[in-house]
Each structure stands twice: as structure tokens, then as C-alpha cells.
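The values are calculated or read from the model by the stated rules, or taken from the named source; none is laboratory data. Quick caveat: nothing in here was measured; it's all calculated off a predicted structure. Cβ atoms come from the backbone with ideal geometry, glycine included; neighbour counts cover every protein chain shown.
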Amino acid sequence: MPSQLTFIGAGNMASAIFGGMIDKGYRAEAITATATRPEHLDTLKARYGINITTDNAAAVVDADVVVLAVKPQKMREVCLALAEAIQISRPLIISVAAGIECEALGRWLGGNLPIIRCMPNTPSLVGAGASGLYATADVSDAQRDLASTLLGTVGLVEWVEEEALIDAVTAVSGSGPAYFFLMIEALEEAGVKRGLDLQSARRLAIHTAFGAAKMAAESELTPAELKRQVMSPGGTTEQAIASFEKAGIKPIFDDATHACAKRARALAAELGKN
């Protein structure tokens, strides 16, 4: 673990990451977080015991790792203001902002820096995240291991070797929690239509999704094989699956993830053009 770690931006995702690190034994006094609202920083300091400041440049002076966790629309402005200080300290840069490519980050920060682009997701807030990571050629093996350790405190870490694949990560896991929330919502509504009360339908839908995900995570069987195990020939589940397939559920997911990845590429072109 690095001796000094700075988070530029201290929203939900940043606090999920450093909160997970602290839970795993990382020293709170070695973490600094910045934000524009002092009252928000005071709350974080009281909860986690970390260092806080509203001065981004001062926060990166002694940092070994700088995590860029500001909104994508603010990233260029923030990076340009940090460039001089970053070029002096030359830390490992980890960006968790959607739609900002490494080339743009490097250009805004002055160039020749080790940069890792990370696409986490919101279940990181409960320690069950899934993060896709891409590293530029300037990132050492030790720095890759370090990033895996940091992001591993809040969930699964998967590396991709081409930056374009971050768009696929966005489509599958970055935006993916919303797909499952939609399925839970739909199953809940279907349960109510079948006569269940709302709270019962919601609890049953949520815990069924949780249990299915837990089985898939812990089993050596593929999801397709697990699905077949639930289906008896001529049984109830077989009828439900047949209805899903008739409606074209796999093409629906294919179209949805294509639209998501396409939008991610458009954002990258739009936000990184200057």
C-alpha cells in the first residue's frame, strides 16, 4: 500500500473506496480527500478520520497515488488546475470518472504519467462492487498490483488490455446494477398482479436476485447450467423461460448494452476533445 493517497473529489464512489480501504486496515491518516464544500469534508473527517482540504493542488504534493473522482464534466478544469503540482510529484493517477480517456487525462495533466482508468459501479458502496481497469504503458506491474489492492477493498477487480473495452465494462457492470434493479422492479410488479402484497413481492424479488447471484458466484457451473437445473421438463420454470425467450430477452440485453457502450464512446469524444 502507498504511504500517501489523495482523492480529488469525495462523493459516494470515493468514500466507498477509502471507506473500504479503512475497513481493511489501511491507515486513515494516510488518506486525504478534497471537495468544494467544507461541511461535507467535516462529515467525512468525523466518520473516517481522514485528512481533508479544499485545496486540490496542496493535496497532491506528497501523494503517491491520486484518485480522480470528480464528475466527468468537471475533469478537464480540475486536471488543468492540477497539472503543475502533478508534474512535480508524478504520482500514479487513477481515474474513476466515466467517459474520460487516458489520452485526455494525460494531456490535461501535462503528459508522461502512469494512468489507470477505472470503471467501478454503485454496489461498491456496500462492498460488492465490480470494477474494470485499464492501465497505460507507463504503469508498472507494482502499480497495477497496487490498484488491484485498492479497488479490491470494495469488490471484484477485472483488468482489460485495451482501453476500448472499458466501454464494454461500462455496458455490463458499470451500468449493470440498474438493469438488475429494473428486473427486481418488474418481478415485484408481477408478484403484485398475481396477488402478493407490495412488501412481500419486493422482499421475495430482492432475495431471489441475491440468492441467484450468490449461487452463480459460488458455483463452478455456468449460468446456463444453473438455469437448466431450476427447469424441470414441462414444469413451471420452463414455461416462464420459454416466455422470456419468445419475447427476445437476449436481443433486448444486446441492444441495451450496445446503446450503453455507444453512449460511452460519444461521451469520451465529447468530453476529451479539448
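Of all residues in segment 141-152, those that are within 15 Å of Ile115 (Cβ to Cβ) and in the same structural domain as Gly127 (by TED's automatic domain parsing) have Cβ atoms under 8 Å from Cβ atoms of residues that are at pLDDT below 95 and part of a helix (DSSP H, G or I), 6 or more apart or on another chain, in Leu150/Ile17; Leu150/Met21; Leu151/Ile17. In segment 52-61, which residues are buried (at least 19 other Cβ atoms within 10 Å of the Cβ) and either outside the structural domain of Ala16 (by TED's automatic domain parsing) or under 20 Å from Arg27 (Cβ atoms) (or both)? Passing the criteria: Ile52, Ala59, Val60. Any chance segment 39-46 includes a residue that's surrounded by 22 or more Cβ atoms within 10 Å (Cβ to Cβ), in the same structural domain as Leu150 (by TED's automatic domain parsing), of a type in the set (S, T, N, Q) and closer than 18 Å to Ala16 by Cα? No, that holds for no residue. In this structure, Glu29 does not qualify as closer than 27 Å to Gly272 by Cβ and among the acidic types (Asp, Glu).
Contact map, segment 113-124: residues that are touching a residue at least 60 places away in the same chain (Cβ under 8 Å) paired with residues that are hydroxyl-bearing (Ser, Thr, Tyr) and not in a helix (DSSP H, G or I), Cβ distance under 9 Å, separation 6+ or inter-chain. Pairs shown: Pro120/Ser131; Ser124/Ser131. When Gly195 is tested against (1) part of a helix (DSSP H, G or I); (2) out of contact with any Gly (no Cβ under 7 Å at 6 or more places or on another chain); (3) at pLDDT 95 or above, exactly one condition is not met: (1).
Take the conditions (1) out of contact with any strand residue (DSSP E or B) (no Cβ under 9 Å at 6 or more places or on another chain); (2) modelled with pLDDT of 95 or more; Thr153 misses just one of them, which is (2). All told, Pro72 meets the bar of being surrounded by fewer than 20 Cβ atoms within 10 Å (Cβ to Cβ), in the same structural domain as Glu162 (by TED's automatic domain parsing) and touching a residue at least 40 places away in the same chain (Cβ under 8 Å).
On the basis of being touching a helix residue (DSSP H, G or I) at 6+ places or on another chain (Cβ under 7 Å) and of a type outside the set (S, T, N, Q), does Ala97 make the cut? Yes: the conditions hold for Ala97. Could you list, in sequence order, all residues of segment 194-226 that are of a type in the set (Gly, Ala, Ser) and farther than 18 Å from Pro177 by Cβ? Within segment 194-226, Gly195, Ser200, Ala201, Ser219, Ala224 qualify. Of Ala16, Ala33, all but one fail to be at pLDDT 95 or above, small (Gly, Ala, Ser) and out of contact with any His (no Cβ under 6 Å at 6 or more places or on another chain); the exception is Ala33.
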